[in-house]
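One structure, pasted below without further comment.
The values are calculated or read from the model by the stated rules, or taken from the named source; none is laboratory data. This is a predicted model, so every value here is computed, not measured. Because the Cβ atoms are built from the backbone with ideal geometry, glycine has one as well, and the counts that use them run over all protein chains shown. Note: areas computed on protein heavy atoms with side chains; ligands, DNA, RNA excluded. Shrake-Rupley method; radii C 1.70, N 1.55, O 1.52, S 1.80 Å.
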Amino acid sequence: MKLVVRLSLAFALVAGAAAGLTGWLGYQQARDHFQQFVAGSETVRSGTQFPGAVPGRGRQLLLAQLQESSLRSTLIALVVALGVGTYLAFRLVQPVQALTVATRRFGRGERNVRVAVKGKDELVELGRAFNDVATELAAKEERERQMVADIAHELRTPLTVLKGDLESMSDGLLEASPENLRRLVAEVDLLTRLVQDLRTLSLSDHGQLVLRTKMISLNDLVEDVLANFQVRAETHGVRLEASLEPVALSADPERLQQVLHNLLDNALRHTPSEGRVSVRLGRKGHLAVLEVCDSGAGIAPEHLPHLFERFYRVESSRIREGGGSGLGLAIVKALVEAHGGSVGVENRAEGGARFWIYLPVDVQKNNSQPAP
């Protein structure tokens with residue numbers, strides 16, 4: 001039953017009980033006084049004395065007695081109404097008190113506290129909303145703790161390498177050769193990319209990611225990125241293929257280059273030698289459709305829903321290799337959604353994975369600003 005209906009019925013019950021009790025008590029008192037008045041009148045006319053009769057005071061005495069009985073009846077009814085109202089109010093306030101206690105406990109850090117919900121009124125809905133919010137906040141805190149642990153793990157490896165090698169060079173145990181220095185620079189580059197990726201995700205989370213948009217030819221942008229990956233693909237014995245339709249849209253070219261770079265980097269790292277990575281670009285209504293497909297081992301179905309989560313790890317065939325920050329696909333999702341698009345992944349029937357991106361070709365995001 002809805003809370004407003006319960007309150008209405010409660011107030012109506014209290015008012016009805018008070019009015020009924022007042023009327024009944026008043027009627028009883030008035031009847032007794034009226035009978036005494038009538039008996040007194042008969043005594044005056046007949047000269048006979050009746051027990052309880054009110055001799056010779058007339059109407060004023062009757063009115064005084066009626067007023068006294070009405071006041072007495074009203075006080076009794078008021079006491080009863082207050083008692084009934086207090087009981088009903090206590091019953092109605094109990095869920096609010098339980099919710100207050102649970103909120104204070106949650107605020108003190110008890111993330112497992114929940115309120116018991118039973119029924120369908122507004123207070124029950126409020127309790128369910130509290131439970132939902134508490135569950136989401138607890139999950140968010142757990143994700144943040146896990147992310148901090150993952151960040152610490154990602155930072156620890158290159159820092160350990162840097163510290164160990166620099167100490168060895170300082171002690172004369174390791175030669176400061178160009179090769180060793182290049183390796184240390186690569187570790188610094190890894191740290192730099194990790195910090196940049198984390199900053200990008202942080203800006204996206206807080207709605208502060210600014211896109212410098214302009215009209216671009218998406219097919220030309222894809223061709224440029226593919227040309228940059230051609231040497232790397234040949235080194236790994238992977239064939240790059242492209243099927244590109246002309247598509248023009250308003251977007252941030254540097255951010256889209258980053259998106260495509262991350263997808264191609266992911267595809268090449270998980271495609272075996274003699275394999276193939278294909279890129280397709282086309283139109284579907286008011287959307288540009290970009291696909292990156294590989295001929296690797298594919299992704300286990302249980303991992304597909306989590307693939308764009310930060311630092312998510314799957315089986316060994318998909319573990320990060322080659323100095324990646326572990327945030328590439330999370331960056332892809334954040335940047336594509338900042339453009340008003342969507343991203344997804346699925347396994348192909350012929351083997352390998354298919355990543356797809358939908359981008360609007362005629363919509364500019366509110367957080368965009370023109371390129372200078």
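From the list Glu154, Glu142, Glu122, exactly one residue is open to solvent by 60 Å² or more (accessible area, probe 1.4 Å), touching a residue at least 12 places away in the same chain (Cβ under 8 Å) and not polar (S, T, N, Q). Which is it?
Glu122
Looking at (1) touching a residue at least 60 places away in the same chain (Cβ under 8 Å); (2) open to solvent by less than 80 Å² (accessible area, probe 1.4 Å); (3) under 30 Å from Arg105 (Cβ atoms); (4) not aliphatic (A, V, I, L, M), can you tell me which one Phe130 breaks?
Result: Phe130 passes all but (1).
Would you mention how many residues in the range 245-289 are out of contact with any helix residue (DSSP H, G or I) (no Cβ under 7 Å at 6 or more places or on another chain), in a strand (DSSP E or B) and surrounded by 15 or more Cβ atoms within 10 Å (Cβ to Cβ)?
Adding up the residues that qualify gives 8.
Can you name the residue in the range 334-362 that is within 20 Å of Arg276 (Cα to Cα) and hydrophobic (A, V, I, L, M, F, W, C) and, of all such residues, is modelled with the lowest pLDDT?
By that ranking, first place goes to Ala349.
Only one of these conditions is not met by Glu302: (1) outside any helix (DSSP H, G or I); (2) farther than 26 Å from Thr235 by Cα; (3) open to solvent by 30 Å² or more (accessible area, probe 1.4 Å); (4) at pLDDT below 90. Which number is it?
Looking at each condition in turn, Glu302 falls short on (1).
Mind listing whichever residues of the range 208-243 are out of contact with any helix residue (DSSP H, G or I) (no Cβ under 8 Å at 6 or more places or on another chain), closer than 12 Å to His261 by Cα and among the charged types (D, E, K, R)?
Glu223
Matching residues to (1) exposed (fewer than 13 other Cβ atoms within 10 Å of the Cβ); (2) among the β-branched types (Val, Ile, Thr); (3) out of contact with any strand residue (DSSP E or B) (no Cβ under 7 Å at 6 or more places or on another chain):
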residue	(1), (2), (3)
Met169	no, no, yes
Glu187	no, no, yes
Ser204	no, no, yes
Met215	yes, no, no
Ala227	yes, no, yes
Thr235	yes, yes, yes
Ser243	yes, no, no
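Then there's this: Among the residues of the range 222-231, which ones are aliphatic (A, V, I, L, M) and under 13 Å from Glu245 (Cβ atoms)?
Answer for the range 222-231, where residues must be aliphatic (A, V, I, L, M) and under 13 Å from Glu245 (Cβ atoms): just Val222.
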